[in-house]
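A quick write-up on the structure given underneath.
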Amino acid sequence: MPRALRREKVAGQVVRFGIVGVLNTAVDFALLNLLYHVVGLPLLVANTLSVAAGIVNSFFWNKHWTFSAGGWHRWWRQALVFVTVSLIGLALNDTGIYLLHSWMGGTSVLAVNAQKVGASVVSMVWNFLGYRFLAFRSTRMTGAA
């Protein structure tokens with residue numbers, strides 16, 4: 001892996017966060033569509049459950065692979081901060097999908113997924129910053145890009 005993309009560098013963290021994000025997004029979107037379009041749950045309930053599934057997956061991947069914040073001695077603190085950051089991200093995502101759904105309307109698969117994409121942008125930015133600077137901060141970080 002190129003030196004600039006190692007997890008100790010911001011660029012490496014962004015790339016790794018992106019890879020984890022793609023996996024989490026796939027889980028999130030698949031579960032949202034299943035719960036909303038197949039099971040028939042209300043949109044905000046389906047969205048909340050789908051984002052929560054991504055949060056659980058995200059903690060382990062981001063802790064051990066994206067930010068290399070290993071070690072179990074800090075696990076409880078990291079988990080608490082991670083959950084707090086994630087719940088704020090969930091609130092941003094739920095608010096975004098609610099506003100976009102109210103504004104755009106439409107309940108088709110395409111419409112709901114377009115609304116979900118819009119809602120996810122803000123929450124993803126918040127999550128990266130919160131995870132990097134609050135949950136998984138490390139004294140080993142150089143911060144160099």
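The values are calculated or read from the model by the stated rules, or taken from the named source; none is laboratory data. Small disclaimer: the values here were computed from a predicted structure and weren't measured. Cβ: placed from backbone, ideal geometry, glycine included. Neighbour counts: every protein chain shown.
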State yes or no: is Ser120 touching a residue at least 60 places away in the same chain (Cβ under 8 Å), of a type in the set (Ser, Thr, Tyr) and in a helix (DSSP H, G or I)? yes
Can you work out which of the residues in the range 23-53 that are touching a helix residue (DSSP H, G or I) at 6+ places or on another chain (Cβ under 6 Å) and of a type in the set (Gly, Ala, Ser) is surrounded by the fewest Cβ atoms within 10 Å (Cβ to Cβ)? Ala53
Pairs under 6 Å by beta carbon, first residue under 14 Å from Phe128 (Cβ atoms) and assigned to a helix (DSSP H, G or I) in the range 67-90, partner of a type in the set (Val, Ile, Thr) and modelled with pLDDT of 80 or more, six or more apart or different chains? Ser86/Ile55
For the range 44-59, state whether one or more residues are touching a Phe, Trp or Tyr at 6+ places or on another chain (Cβ under 6 Å), assigned to a helix (DSSP H, G or I) and not aromatic (Phe, Trp, Tyr). yes
